[in-house]
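Below you'll find the structure, written out as structure tokens, and then a few comments.
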Amino acid sequence: MSKLIDPIASVEDDTKSPVSVPSSPKDSPRTPIVALKHKHEDKPLSRSSSLLDMLHLKDVHIPTPPAVKFAPLNVPRHRRLQTAVVATWAFMIPICLTVFYGSLIFSKWLRPLAVAYAIWFVLFDRAWVHRGGRRQEWIRRSAFWKNFAAYYPITTVKEADLPADGKYVFGYHPHGIISMGAACTFATESTGFSELFPGVVCHLLTLDANFWIPFYRDILMGMGLSSVSKRSCRSILKMGRSICIVIGGASESLYAYPGTNDLTLKKRLGFIKIAIREGASLVPVYGFGENDIYELLPNEKGTMTYRFQKWFQSTFGFTVPLFHGRSVFTYNYGLMPYRRPVTVVVGSPIAVKQIDKPTDEEVQAVHKEYIEALQALWDKYKDKYAKDRKSELKLVD
């Protein structure tokens with residue numbers, strides 16, 4: 001726990017007289033200067049008084065930032081490789097943007113190709129909406145993702161078999177900061193999804209904004225990711241395939257404190273309606289430890305940070321949680337996730353009757369059944385995979 005120290009008290013300058021206060025405008029041709037006084041003292045503050053005194057913050061305790069904890073030099077090679085893989089993915093978006101704009105601006109040989117590529121994906125390519133991306137098994141089974149999952153590590157636990165001839169809507173909880181558990185389980189084969197559920201082809205869904213980033217979009221589509229839009233969801237399910245939606249979305253990332261399990265689910269009915277209209281079974285999924293891989297900075301309701309994040313979310317469709325983790329060379333400062341285990345438990349399927357136009361009562365009934373199944377999943381595995389939890393499962397919104 002960080003030590004708390006008193007801020008350095010200001011030193012009163014005895015060699016100079018305090019600022020005088022004219023008794024009336026007649027005493028001085030200029031506007032009188034009002035002396036600021038410390039709340040515990042009657043005498044006016046001198047010119048050398050600190051800003052903390054002037055703001056009545058002398059008694060405020062300011063926590064001392066923890067000392068930087070550097071990573072040792074004698075780290076095993078396989079752990080160095082895992083860290084390098086995670087660091088590469090953490091900076092994949094700026095890497096892709098640098099390659100694209102570097103080719104566009106600085107290379108006369110690559111510029112025509114960059115322009116043609118931009119025209120193609122902006123005007124013509126909609127695979128991420130209509131076809132579930134361009135899923136490639138060699139990308140999903142790459143050793144890159146094996147090392148990525150081993151870094152935390154991330155593992156997947158199956159509670160029940162899923163018939164290969166069915167189609168499913170997997171609901172992943174919690175969102176965390178970046179949903180690493182969902183990415184490894186449903187967008188790669190690093191945790192053996194196809195071996196656990198043979199014949200089930202699932203597409204992880206994400207925001208449309210990710211598919212407007214050059215090159216990065218192609219990597220995502222190769223992993224089988226697609227748009228989380230209604231059109232995309234129904235298109236994939238009509239193909240006889242399955243989808244995974246991180247239900248809490250951007251709002252839930254604001255509650256992703258380590259050890260907590262606060263979910264945004266009460267008003268999330270869209271995935272229920274899609275499952276009913278397409279006759280797809282619902283499967284609750286819980287990522288134990290998802291909220292532990294980053295440290296979220298305080299953002300209680302009413303604070304400026306919270307208001308800014310909610311405004312940003314309402315304006316741009318996603319939010320910006322303020323968080324920190326570690327880096328390649330330090331263990332307590334940086335933007336890389338911590339090495340903390342994440343166990344993704346895939347629950348039992350909930351059969352859903354297909355209805356083209358479900359009523360509100362029918363949607364609410366299925367939604368209630370889903371919440372009960374998710375609660376049962378939590379209660380069954382919490383003492384095994386969330387031993388150090390600070391709170392129980394709670395629906396906050």
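Summary of computed values
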quantity: Whichever residue in the range 256-294 is aliphatic (A, V, I, L, M) and in a loop (DSSP other than H, G, I, E, B) and, among such residues, is surrounded by the fewest Cβ atoms within 10 Å (Cβ to Cβ); calculated: LEU269
quantity: Residues satisfying the stated conditions in the range 315-344, i.e. over 15 Å from the mean Cα position of the chain (by Cα) and not in a loop (DSSP other than H, G, I, E, B); calculated: THR315, PHE316, ARG326, THR330, THR343, VAL344
quantity: Qualifying residues in the range 240-255 (those that are surrounded by fewer than 24 Cβ atoms within 10 Å (Cβ to Cβ) and within 12 Å of the chain's Cα centre (by Cα)) - the one farthest from LEU204 (Cα to Cα); calculated: TYR255
quantity: Hits in the range 320-349 - residues which are surrounded by 19 or more Cβ atoms within 10 Å (Cβ to Cβ) and either over 29 Å from TYR257 (Cβ atoms) or not hydrophobic (A, V, I, L, M, F, W, C) (or both); calculated: PRO321, GLY325, ARG326, PRO337, THR343, GLY347, PRO349
quantity: Residue match in the range 194-210 (condition: among the β-branched types (Val, Ile, Thr), buried (at least 16 other Cβ atoms within 10 Å of the Cβ) and more than 21 Å from the chain's Cα centre (by Cα)); calculated: yes
quantity: Some residue of the range 152-172 being outside any helix (DSSP H, G or I), in the same structural domain as ILE247 (by TED's automatic domain parsing), loosely packed, with under 15 Cβ neighbours inside 10 Å and under 21 Å from the mean Cα position of the chain (by Cα); calculated: no
quantity: Answer residue from the range 350-397, given it is part of a loop (DSSP other than H, G, I, E, B), in contact with a Leu (Cβ under 8 Å, 6 or more places away or on another chain) and within 24 Å of TYR257 (Cα to Cα) and is modelled with the lowest pLDDT among those; calculated: ASP397
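The values are calculated or read from the model by the stated rules, or taken from the named source; none is laboratory data. Owing to the predicted nature of the structure, the values given are computational and were not obtained by experimental measurement. Note: ideal-geometry Cβ built from the backbone for every residue, glycine included; neighbour counts use all protein chains shown.
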